[in-house]
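The values are calculated or read from the model by the stated rules, or taken from the named source; none is laboratory data. No experiment lies behind these values; they were computed from the predicted model shown. Note that each Cβ is placed from the backbone with ideal geometry, even for glycine, and that neighbours are counted across all protein chains shown.
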Amino acid sequence: MRVHPLTGLAVAGSTAVITTAAASLPLSLAVVAAALGVSGVTGTLRRLLPAAAAVLVPLAMSLLMVHGLAFPEGSTVLAAWGPARITSEGLAFAAERASLLSAVVLVLLAWSFTVSIPDLVAVLSSRGVRGRLGFVAASTLTLLPAIADRAVRIRQAQESRGLVVRRGLLHKVAAFRLQAVPLVLSLVDDAGTRAAALEARGFSSTGPRTNYRVVPDPAGQRLLRAVLVLAAAAAVAARLWPAGTGG
Amino acid sequence: MSSSSLTLPSPAPAAARRRRLLEILGALAIAGTYVYLVLNQPADITGGPGSVPALIALSGFLLGAVLLIVAVLPTLPASTVVLIPVALVLNIVLGQFVGSTLVPFYLDAIGTVLIAVLAGPAAGAATGALSSIVWSFFNPTVLPFAAGAALIGCLAGLAARYGLFRRFYLAPVAGFVTGIIGGVVSAPVAAFVFGGTSGVATGAIVSAFRSMGDSLLAAITKQALISDPMDKAIVFTAVAVLVYALPRRTRLQFPFVRRHRVLAGRAAEPEASVQETAAPNAPQVP
C-alpha cells in the first residue's frame, strides 16, 4: 500500500508529541527501536544513521556535560572535584532527556528519509499558503545541492585567480567577501529571473489549479490522520490537565 | 520585476484584516508563552520528567510561528517568495563555510537577515520561521527555535527600516541588540525542551554556571547572552558587507530598499522611477 505523505507525517508527528507528553524512559526507548526498525525495513537506515548521529551525538554529550557534571538539585553524590559533582539524579535526568530527544529526532528523520519528495510537493502544491509553502520547501531541497556546487566552483575560480587564505582575521574576512559576494549576487539575480518566469505562469493567481501528479488519498488514511491528530491532542491535554488543576 | 497580477482584483480589506489579526495572534502566542515560562519558572524541570513546560514551550512557540507564516506568506510578492529558498540555502551553505574556516560561531542566520534588509520585517520573520521548519527536515531539533528565528528576522527588518544599515558602524550594534533579545527568547526553548544546549562548547558554559548553583533557565540564559549577541553582530556585519557589495541595480530592485532608503548613498529617485516604469504595480512591502 502506498502511504500518503501527510499520513506519514501524521504518524511521525503524533508519535513525537505523545512520546514528549508521556516522558517515560521505556516508551522513549521503544520508539527509538521502532523508528530504527521502520527505517531498516524501508532500506533508509544507511542514510538515516549518519544524519541522526550528527544531530544526536553533540546533543547527548552536551546534556551529559551539563547535568552529569553540575546538578545542584542532586543529593546522591557519586564523585566530586571542586565545583563539579557527579550525581546519580543528574545522570538519570541526562539519560531520560537524551532518550526522549533521540526518540523524537529519529521518528521525524525516519519520516523525512522515507517520504517521496515529488509526492510531498504534489500534495503541497495547491494554491494559497500551502502552495507557497510547497514552493519554498521544494525549491530549497532542490537548490541546496546546486548552490553548494556553485559555491565550490566560485572558490575554485577565485583560487585560480590567486586567492590564498592566509592566517589572520582580516585575510579571512577578505577571502569570505571574495567568495560570498559573487555567490549572493548570482543568487539574487537568478531569483529575479525566476520571479518573472513564475509570475508569467500564474504563481500568484488565486484561481483553481490542476495537478500533473495525482497522489491517491484513500478514505482510510484520511480517517487514520484524524485519529492520530486527536490522539496527540488528547495526550497533550491529559498531561496538561493535572498540571493545571494540581498546581 | 512584476510582482502582482494586473488583471485579478486585489485581496479584499476583510482578508487583510484577517491576516493582521493572525499576525497579532501569532505575536501574542510567542510573547504569552515566553512570559508564562519565565514567570512560572516551572520548578519540576529538574525534579521530574518535566514534560509540561516542554509541551507549553513547544506548542506556544510553534503555534505563533505557524500563525505568522500563514499571515505573512500569502501577502509577499513573488519576487520575495523566490528569495526565501535562496535565503534558506544561504543560511546553511554560508553557515557551514564560516563555521569551517573563519571563527567558532555558527552564523546560521545570514540568509534570514539578508532577506530582512532587502524585503522588510514581515519577509524577514517569515523567512526565519520557514528556515527552521524546512531545516527541521534534516535536523528536527531546530524546529522549536522557529519563533526565535522569526523574531531575529523581524528585528533585522526593523533595524533596516529605521536606517541602522545606512551607517556601517551601526549594523553590528543592531546585531548585538538583536542577539540579546533573540538569545533571551530562545533560552526557555533550550532549557525546557532540550534540558540543555545542542553544542558541546555551549554546554560547557552552561555547566559552569550550573555548578555555581544557577537554575537551568538562568544558566542557559546567561550562556545565550554570552554567545548570541556576538554571533548576531558578526552576522549583521557580514550582511552589511554583502549588501553594499551588490550592484546598485540589484539592490534597488527591492521596493523596501527604495522606499525606506535602507542603504546609504544618493537618494534613489532616478532609479526608483526607472523601476516603477518597468514594474508599474510592484506592491510596497511594509
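Close contacts from the range B:126-155, counting a first residue that is more than 10 Å from chain A (Cβ to nearest Cβ) and a second that is part of a helix (DSSP H, G or I) and basic (Lys, Arg), with Cβ to Cβ under 8 Å and a gap of 6+ residues or different chains, come to B:Ile152/B:Lys232. Residue-level check: of (1) of a type outside the set (S, T, N, Q); (2) under 30 Å from A:Thr19 (Cα atoms); (3) within 31 Å of the chain's Cα centre (by Cα); (4) at pLDDT below 80, A:Arg213 misses just (2).
Among the residues of the range B:175-194, count how many are under 29 Å from B:Gly265 (Cα atoms) and crowded, with 24+ Cβ neighbours inside 10 Å. Give the steps one after another, and end with the answer.
First, the residues of the range B:175-194 that are under 29 Å from B:Gly265 (Cα atoms): B:175-179.
When the remaining residues are screened for being crowded, with 24+ Cβ neighbours inside 10 Å, the result is B:175, B:178-179.
Number of matching residues: 3.
Of the candidates B:Val257, B:Val241, the single residue that is surrounded by fewer than 21 Cβ atoms within 10 Å (Cβ to Cβ) and modelled with pLDDT of 85 or more is B:Val241. Selection of the range A:158-181 for residues being in a helix (DSSP H, G or I), more than 8 Å from chain B (Cβ to nearest Cβ), in contact (Cβ under 8 Å) with a residue 12 or more places away in the chain and not polar (S, T, N, Q) yields only A:Leu178.
The set of residues in the range B:127-180 that are polar (S, T, N, Q) and under 30 Å from A:Leu48 (Cα atoms) comprises B:Thr127, B:Ser131, B:Ser132, B:Ser136, B:Asn139, B:Thr141. Each residue in the range B:68-85 was checked for being over 18 Å from A:Ala138 (Cα atoms) and within 15 Å of the chain's Cα centre (by Cα), and 2 of them qualify. Filtered by the rule that a residue be free of Cβ contacts under 8 Å to residues at least 60 places away in the same chain, surrounded by fewer than 19 Cβ atoms within 10 Å (Cβ to Cβ) and either more than 10 Å from every other protein chain (Cβ to nearest Cβ) or closer than 12 Å to A:Leu106 by Cβ (or both), the range A:35-55 gives A:Gly37, A:Gly40, A:Val41, A:Gly43, A:Leu45, A:Arg46, A:Leu49, A:Pro50, A:Ala53.
Counting only helices (runs of 4 or more DSSP H) that sit completely within the range B:106-182, those holding 3 or more residues that are over 23 Å from B:Leu225 (Cα atoms) and of a type outside the set (Gly, Ala, Ser) correspond to B:110-119, B:121-135.
Across the range A:183-221, which residue is nearest to the other protein chains (Cβ to nearest Cβ) among those that are farther than 21 Å from A:Ser139 by Cβ and surrounded by fewer than 17 Cβ atoms within 10 Å (Cβ to Cβ)? Please lay out each step first, then the result.
Of all residues in the range A:183-221, those farther than 21 Å from A:Ser139 by Cβ come to A:207-208, A:214, A:216-221.
The next check asks that each one be surrounded by fewer than 17 Cβ atoms within 10 Å (Cβ to Cβ); those that pass are A:207-208, A:214, A:216-220.
Values: A:Gly207: 8, A:Pro208: 13, A:Val214: 23, A:Pro216: 23, A:Asp217: 21, A:Pro218: 25, A:Ala219: 27, A:Gly220: 26 Å.
The qualifying residue nearest to the other protein chains (Cβ to nearest Cβ) is A:Gly207.
Among the candidates B:Ala78, B:Ala57, B:Ala71, the residue that is closer than 14 Å to A:Phe135 by Cα and either more than 8 Å from chain A (Cβ to nearest Cβ) or crowded, with 23+ Cβ neighbours inside 10 Å (or both) is uniquely B:Ala78.
In this structure, does B:Leu88 turn out to be outside any loop (DSSP other than H, G, I, E, B), modelled with pLDDT of 85 or more and under 17 Å from the mean Cα position of the chain (by Cα)? Show your work before the answer.
Working: outside any loop (DSSP other than H, G, I, E, B): yes; modelled with pLDDT of 85 or more: yes; under 17 Å from the mean Cα position of the chain (by Cα): yes.
Yes.
Can you tell me which residues in the range A:182-210 are hydrophobic (A, V, I, L, M, F, W, C) and either outside any helix (DSSP H, G or I) or closer than 26 Å to B:Val239 by Cβ (or both)?
Just the residues of the range A:182-210 that are hydrophobic (A, V, I, L, M, F, W, C), to begin with: A:183-185, A:187-188, A:191, A:195-198, A:200, A:203.
A:Leu183, A:Val184, A:Leu185, A:Leu187, A:Val188, A:Ala191, A:Ala195, A:Ala196, A:Leu198, A:Phe203, listed by residue number.
Just to be sure I understand, how many residues within the range A:163-197 are over 24 Å from B:Val243 (Cβ atoms) and at pLDDT 85 or above?
The first filter runs over the range A:163-197 and keeps only residues over 24 Å from B:Val243 (Cβ atoms), leaving A:164, A:166-168, A:197.
Narrowing further to those that are at pLDDT 85 or above: A:197.
Looking only at that region, the number is 1.
Residues of the range B:148-163 that are over 8 Å from the mean Cα position of the chain (by Cα) and within 17 Å of B:Ala123 (Cβ to Cβ): B:Gly157, B:Leu158, B:Ala159, B:Ala160, B:Arg161, B:Tyr162. Taking the criterion of being more than 9 Å from every other protein chain (Cβ to nearest Cβ) and out of contact with any helix residue (DSSP H, G or I) (no Cβ under 9 Å at 6 or more places or on another chain), the only residue of the range B:211-261 that qualifies is B:Arg261.
Can you work out which of the residues in the range B:260-286 that are in contact with a Phe, Trp or Tyr (Cβ under 7 Å, 6 or more places away or on another chain) and at pLDDT 80 or above is surrounded by the fewest Cβ atoms within 10 Å (Cβ to Cβ)?
At the first step, the residues of the range B:260-286 found to be in contact with a Phe, Trp or Tyr (Cβ under 7 Å, 6 or more places away or on another chain) are B:262-263, B:285.
If we keep only those that are at pLDDT 80 or above as well, we get B:262-263.
On the way: B:Val262: 25, B:Leu263: 21.
Among residues in the range B:260-286 that are in contact with a Phe, Trp or Tyr (Cβ under 7 Å, 6 or more places away or on another chain) and at pLDDT 80 or above, the one surrounded by the fewest Cβ atoms within 10 Å (Cβ to Cβ) is B:Leu263.
Applying the set (1) on the phi > 0 side of the Ramachandran plot; (2) more than 14 Å from chain A (Cβ to nearest Cβ); (3) surrounded by 17 or more Cβ atoms within 10 Å (Cβ to Cβ) to B:Gly163 leaves exactly one unmet item: (3).
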